[in-house]
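A.B. asks: This is the structure I have questions about; it appears just below.
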Amino acid sequence: MAQLDLRELHSTEFPVPDEMQGNVAITSLSKLYNWSRRSSMWPMLFGLACCAIEMIATAASRYDLSRFGMEVMRASPRQSDLMIVSGTVTKKMVVPIVRLYNQMPEPKYVLAMGACASGGGPFKEGYNVVSGIDQYLPVDVYVPGCPPTPQALLYGLIALQKKIDGQSLANMDDVPWYGVGPAEPTPVPILGPDIIDPRQMDLIRRQAELAAQGKPYGLREIPESALKRQTAQIAPKTKPQIAAASGTVEADDPEKAARLAKREAALARKKAESGETAAASVVADAPAPATGGDKKAFDKAAMLEKIRAKKAK
Amino acid sequence: MTVTEIPLVEATTSETAISRLKERFPGAVQDDSRHGYSGVVVDKSKLVEVATYMRDTLGYDYLSSATAVDYHGIADSMEMVYHAYRTAGGPALVFKAQTDRAKAELPSLIDVWPGADFQEREAYDLYGIQFAGHPNLKRILLWEGFNGYPMRKDWREAYYEEEHKPFESRWPAGWVRRAEELNVYGKNVHYPADFDLAKLTDKSEESLYSDLGLGVNVQDLSTENGHLKTDKLVVNMGPHHPSTHGVFRMIVTLDGETIESLEPVMGYLHRNHEKIGERNSWNHNMPFTDRLDYLSSMGNNHGYALAVEQLFATGNKWNPPSYRAECIRVLMVELTRIVNHYWAIGFLLNDLGAFFTPALYAIAEREKILDFFEATAGARMMCNYMRFGGLYKDLPERMHSVANLINDKVRDFNTMEYLSELINERIPRSIDELDEFLTASEIIKSRTVGVGYLPPEMAIAYSAAGPLLRASGVPYDVRRADPYSIYPELEFDVAVRYNGDIYDRYLIRLDEMRESVRILKQILPRLEKTKGEPVAGISQYMPRVPMGESYGRVENPKGELGYYVVSAGDEKGPQNPWRYHVRAPSFINLTALGPMCVGHKVADVVAILGSIDIVLGETDR
Amino acid sequence: MFGQGIVKGLWVTFKHFFNTYADDIKYAGRKYLRQENFEVRQGLRSQGAFTVQYPDEKLAVPERFRFTPFLVTEDTDPARVGEDWCTSCGICAKVCPPQCIWIVRGTDPNTGRPVPQPEAFFIDIDICMNCGFCAEFCPFDAIKMDHNYEMASYDRTMHHIHDKDRLSKPLSYWKSIAPTTALEEANARGGWEHPDVLKAMKKAGKTADKPTKDNMWNVLSAPANQALPAPTAPASPAEAKPVPPAAPAAAAPAPSAEGGKAKFDKQAMLAKIREKKAK
């Protein structure tokens, strides 16, 4: 085997595997960089609704956000790294929120706190409510709950820190702010007759053209699959017998067939599992009280194991 | 000190008041004869006259609530419902004015009761009723240019599914689908048919500034006679200003540093509480009320429960809450008041610039009370604890926690011991500590004494409520003026202060906390005595409520919280409220913000706002 | 004298400052290690700092705490392990204020009649308001509020609609997170078993053991299982419904006995609900 001349490594001719193309080995630097970023994450002092109260409670003495280097709540977006969207985002409020987000310097993160900020929450059906801030801004971590308790929020913040820990300086997707040129600002929504996302102008225009042609406009175009589901929903009380007899409806619907197959598989799995458990309990059936104790201990251990696994993930 | 001049009161009850009205305005005032309704219907051409008579002669000087109801489908009319009270106490005089749906127009009562200002604007915004004579009839919760009047019964939101919950699609064939999937734009939006994107203008901002004479040329600022000649300056504060307690916005016109006018802009947290509330069933609304004034959810629960219980009481088969349930209700509500005032004082000091130390001290104590709420009701903030005719569950024997996650540390306290220690030792001590910490401080005094003065007659006229009203020398407390629950048998004083400035509003909160502790100390032995009494409310999950209207109000920490509910449309008793309106104290107290701020410096605005103690969930609903 | 008030206020801050370290001195470094110290610190006798060092020590939540809902599955009865307690009666879906529960009622593939078993169950936790109504009004104690609040995720489209697999947790889990409440509920039912099983037992003239703290973790006794007629709760869901719905066209005319059973079941269910209401 010929000796590899190390100088060859520096030549552009040297074959570099595809996945290594464009990479520079800076792992330790990444670590340092991530550590400093995640340990001085300054949230914006910016509360929307109920969750904001829990956010303040998190920052207060009992849960003490400063243990994570996050106690410096900045009132100005120019000085903050993290936007905790804490509460219901209304259409009227999303305009300032997007503007604030655009004013934050990169790297910037968004944490959707609570059900409302994640997906509209209990107020989703309201006419003035945005179903999730992620329709307008990229969200890094979602914290469910209504409202999340301070501990739940802390868990979310730790999740965000973990996310940052997993990023690499070498990956442009992780650190897009080192790209060329200024970052593209998120277009600010417009308040017309209803809120208008500038990114959706084309869609809206298309609908307007439909209207000009005298075609029905403003009606909901329900996707076909959903329609099928809806008809299936209206039917089941009276029709299943007919369906079973003719054997068409379910069989024709590939989606439902797939679902049924999946369900069958799940049932089979469950059966196997329950069989196992039943067998296990039969074996250990003799000393009854002891079994109870064992069972409890076992259960708890399994539960803890599960939680641990989840955490590790 | 100004003493409120109590107008000459002729009639003593609302019945005599009504008969006096009918005498004075024959033909224009008629009894509301619908089943379950009370009060009078006033002809709209005479409305202002009748209202003036009511205020000046009959002594109904306090307009508590003014709200619109759309009777689309029952009658082709909309009506405004007014609840007027005497600050001397007593029940309401309810009067209504009806108008056509197609051309909804009513005279404005802003000249009689300036407190009608925001409420009429809200009715215009959500129902499209034009108020003749209103000087500033603009949208208040939504933005200028919004399509339609959303609270009208025939207006449908983008995610509309059905008129009423429960929705059919959830069961028995409830394949999950997100609402986004079924909306044509994939978002919660709905555009009108004649909408032209090319002509789109964002009128929402423009309309706010249009009256103010926007802009100032800095080059024009020059010295004249040695003084800086200042021009008017329009400054926008909010909606994410750190001192606005949420997403409140003010547009302030300044002359130098002095405020010339201030216009509150709200609606940044308008999450359609009332529209959703009318889709909901009666029970469904209970957890939603938690999210109104999210610092005092127990109080919100109580008000709603009272309003609906009034309706239940008109039907048969109704068991009012047991004595123990009432005791626990009062216990919870008074603890909530303490929690809220801790928060209010802490964050008032924040607004004054004492950044976070007082607030941290105050809310450290709050945590102890929240622990109790969590162990009893299940959540720290969104308690959802009260039910019609009772409570969710009795107090637990022990405030017991169970290890569930790794590193969990359990706690185990005896509930009654915890409570008595909390009420007898801990809370009074911390109130005294706050008092010692803040009251005498010269810095606080110089920032607050004499600032944001609200004279009592103005406080009444602007329908101010709660600590804001009582700090101006008006001893009006719903717990005493129109008693409910077991308050009549409890011993406590209505806290009053007479200077009407920020300092007094701070002091009155301390007073109220002390009064609450006094009430709580009386509740504890009652709890011991009634141990074992059932407290559960009605167990139907979809109760039918007898037809009629009711207005339930409680003295919430922020002021008078009222619920106007109408049960109509179904003979058997509807499962859903026809109208569900919240008279939010924060919202109406803000009417007085502008007048209070005029003449003060811009730095005082945040302090004055903090002293009103608003919460946006309730303001915008 | 001007400044007196400020000094007074500063004295309070000084007391707070001192109290922060008082505990450290009192417990001489054992402040964060012992359960007793924790209880004192988080109780009403604490002065000064009472910080919860969150990831290292967590404040366990009380029994009544509610976060998101979960479905109870059987695990104490060996014959029915993994079976849902839910009978897909739909009350939780109806009583849910923001309507975040979707239930597909199970149907018998042979007869097309509804069976008391959910075929699918979804909860959109982006809508859920943690109010606990579903758990409160469920007549079968089949849906409960979970205590696990550590649910943050990086993505919501995949993780925030919980299906039946994700929602299902064994009964013993509920017993472990809320022992007192579970005992109360069992006493209200009249036994640790599912209401339907209890009813069947009662019909067969058997009585369930009175629920106590001691027999909480027992595996159910054999007679209880034998008392259970098959159609009321199919011994295993896999037995009842693995048949593809399109295939047995011939089976369409339902055996009347089975149909009658299903009907009876519903009646019983209604009776149960009525009973609870009357109470």
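The values are calculated or read from the model by the stated rules, or taken from the named source; none is laboratory data. Bear in mind the structure is a predicted one, so any value in this text is a computation, not a measurement. Cβ sites come from the backbone with ideal geometry, for glycine too, and all protein chains shown count toward neighbours.
A.B. asks: Scan (1) facing chain B (nearest Cβ under 9 Å); (2) surrounded by fewer than 19 Cβ atoms within 10 Å (Cβ to Cβ); (3) modelled with pLDDT under 85 for the single condition A:Pro96 breaks and write down its number.
C.D. replies: Of everything listed in (1) facing chain B (nearest Cβ under 9 Å); (2) surrounded by fewer than 19 Cβ atoms within 10 Å (Cβ to Cβ); (3) modelled with pLDDT under 85, A:Pro96 misses just condition (3).
A.B. asks: If I ask for residues that are surrounded by fewer than 24 Cβ atoms within 10 Å (Cβ to Cβ) and either within 13 Å of chain C (Cβ to nearest Cβ) or within 19 Å of the chain's Cα centre (by Cα) (or both), which ones from segment B:308-326 would you list?
C.D. replies: B:Lys317, B:Asn319
A.B. asks: Shifting gears a bit: Spot the failing condition for A:Ala117; the list is (1) small (Gly, Ala, Ser); (2) in contact (Cβ under 8 Å) with a residue 40 or more places away in the chain; (3) over 30 Å from B:Arg279 (Cβ atoms), and only one is missed.
C.D. replies: Among (1) small (Gly, Ala, Ser); (2) in contact (Cβ under 8 Å) with a residue 40 or more places away in the chain; (3) over 30 Å from B:Arg279 (Cβ atoms), the lone unmet condition for A:Ala117 is (3).
A.B. asks: Name the residue, out of B:Val474, B:Val494, that is over 30 Å from B:Tyr323 (Cα atoms), aliphatic (A, V, I, L, M) and either in a helix (DSSP H, G or I) or in contact (Cβ under 8 Å) with a residue 12 or more places away in the chain (or both).
C.D. replies: Just one listed residue meets the conditions, B:Val474.
A.B. asks: Among (1) within 14 Å of another protein chain (Cβ to nearest Cβ); (2) farther than 30 Å from C:Asp124 by Cα; (3) acidic (Asp, Glu), which single condition is B:Glu161 missing?
C.D. replies: That leaves (2) as the condition not met.
A.B. asks: Can you tell me which condition B:Ala359 does not meet? The list is (1) within 26 Å of the chain's Cα centre (by Cα); (2) at the interface with chain C (Cβ under 10 Å from one of its Cβ atoms); (3) modelled with pLDDT under 90, and all the others hold.
C.D. replies: Single failed check for B:Ala359: (2).
A.B. asks: Now, a different point. Just the residues that are farther than 21 Å from A:Ala59 by Cβ, within 8 Å of chain C (Cβ to nearest Cβ) and surrounded by fewer than 24 Cβ atoms within 10 Å (Cβ to Cβ), please, taken from segment A:115-151.
C.D. replies: Hit for segment A:115-151 is A:Asp134, nothing else.
A.B. asks: Now for a different question. Is it the case that B:Ile427 is surrounded by fewer than 22 Cβ atoms within 10 Å (Cβ to Cβ), part of a helix (DSSP H, G or I) and over 24 Å from the mean Cα position of the chain (by Cα)?
C.D. replies: Criteria not met by B:Ile427.
A.B. asks: Can you pull out every residue in segment B:246-296 that is of a type in the set (S, T, N, Q), under 15 Å from the mean Cα position of the chain (by Cα) and assigned to a loop (DSSP other than H, G, I, E, B)?
C.D. replies: Once the filter is applied, which keeps residues that are of a type in the set (S, T, N, Q), under 15 Å from the mean Cα position of the chain (by Cα) and assigned to a loop (DSSP other than H, G, I, E, B), segment B:246-296 yields B:Asn272, B:Ser296.
A.B. asks: Here is a follow-up. Part of a helix (DSSP H, G or I) and in the same structural domain as C:Glu119 (by TED's automatic domain parsing): does that describe C:Ala22?
C.D. replies: no
A.B. asks: Hey, another quick one. In segment C:141-152, what count of residues is obtained for those that are closer than 15 Å to C:Leu167 by Cβ and out of contact with any strand residue (DSSP E or B) (no Cβ under 8 Å at 6 or more places or on another chain)?
C.D. replies: 2
A.B. asks: Hey, another quick one. Can we say B:Phe347 is at pLDDT below 90 and not in a helix (DSSP H, G or I)?
C.D. replies: In short, no.
A.B. asks: If you don't mind, there's one more thing I want to ask. If you scan segment B:380-400, which residues turn out to be buried (at least 22 other Cβ atoms within 10 Å of the Cβ) and in a strand (DSSP E or B)?
C.D. replies: Hits for segment B:380-400 are B:Met386, B:Arg387, B:Gly390, B:Leu391, B:Met399.
Table: residues versus (1) within 28 Å of B:Lys275 (Cβ to Cβ); (2) part of a loop (DSSP other than H, G, I, E, B); (3) in contact with a Leu (Cβ under 6 Å, 6 or more places away or on another chain).
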{"residue": "C:Thr76", "(1), (2), (3)": "no, yes, yes"}
{"residue": "C:Ala93", "(1), (2), (3)": "yes, no, no"}
{"residue": "C:Pro97", "(1), (2), (3)": "yes, yes, no"}
{"residue": "C:Ile103", "(1), (2), (3)": "yes, no, no"}
{"residue": "C:Asn110", "(1), (2), (3)": "no, yes, no"}
{"residue": "C:Val115", "(1), (2), (3)": "no, no, no"}
{"residue": "C:Asp126", "(1), (2), (3)": "yes, yes, no"}
{"residue": "C:Pro139", "(1), (2), (3)": "no, yes, no"}
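A.B. asks: Evaluate the following for B:Arg329: is it more than 14 Å from chain C (Cβ to nearest Cβ), more than 23 Å from B:Val565 (Cα to Cα) and either part of a helix (DSSP H, G or I) or not acidic (Asp, Glu) (or both)?
C.D. replies: no
A.B. asks: Looking at (1) aliphatic (A, V, I, L, M); (2) farther than 24 Å from B:Tyr294 by Cα; (3) modelled with pLDDT of 90 or more, which one does C:Val81 not meet, given that it meets all the others?
C.D. replies: Here C:Val81 meets the rest and fails (3).
A.B. asks: All but one of (1) of a type in the set (D, E, K, R); (2) over 26 Å from the mean Cα position of the chain (by Cα); (3) outside any loop (DSSP other than H, G, I, E, B) hold for B:Lys531; which doesn't?
C.D. replies: (3)
A.B. asks: If C:Arg64 satisfies all but one of (1) surrounded by fewer than 18 Cβ atoms within 10 Å (Cβ to Cβ); (2) in a loop (DSSP other than H, G, I, E, B), what's the number of the condition it fails?
C.D. replies: (1)
A.B. asks: Here is a check on your reading of the model: is C:Thr107 within 17 Å of the chain's Cα centre (by Cα), β-branched (Val, Ile, Thr), within 11 Å of chain A (Cβ to nearest Cβ) and closer than 25 Å to C:Val197 by Cα?
C.D. replies: It is false that C:Thr107 is within 17 Å of the chain's Cα centre (by Cα), β-branched (Val, Ile, Thr), within 11 Å of chain A (Cβ to nearest Cβ) and closer than 25 Å to C:Val197 by Cα.
A.B. asks: Out of curiosity, is B:Glu417 assigned by TED's automatic domain parsing to the domain that holds B:Ile345, in a helix (DSSP H, G or I), without any contact (Cβ under 8 Å) to a residue 24 or more places away in the chain and under 30 Å from B:Leu349 (Cβ atoms)?
C.D. replies: no
A.B. asks: How about segment C:67-104: which of its residues are of a type in the set (Ser, Thr, Tyr) and surrounded by fewer than 24 Cβ atoms within 10 Å (Cβ to Cβ)?
C.D. replies: Once the filter is applied, which keeps residues that are of a type in the set (Ser, Thr, Tyr) and surrounded by fewer than 24 Cβ atoms within 10 Å (Cβ to Cβ), segment C:67-104 yields C:Thr68, C:Thr76.
A.B. asks: Further, regarding this structure: Please determine whether any residue of segment C:36-47 is surrounded by 17 or more Cβ atoms within 10 Å (Cβ to Cβ), more than 27 Å from B:Pro358 (Cβ to Cβ) and not polar (S, T, N, Q).
C.D. replies: yes
A.B. asks: The conditions are (1) assigned to a loop (DSSP other than H, G, I, E, B); (2) touching a residue at least 40 places away in the same chain (Cβ under 8 Å), and B:Ala403 fails exactly one of them. Which is it?
C.D. replies: With (1) assigned to a loop (DSSP other than H, G, I, E, B); (2) touching a residue at least 40 places away in the same chain (Cβ under 8 Å) applied to B:Ala403, the lone miss is (2).
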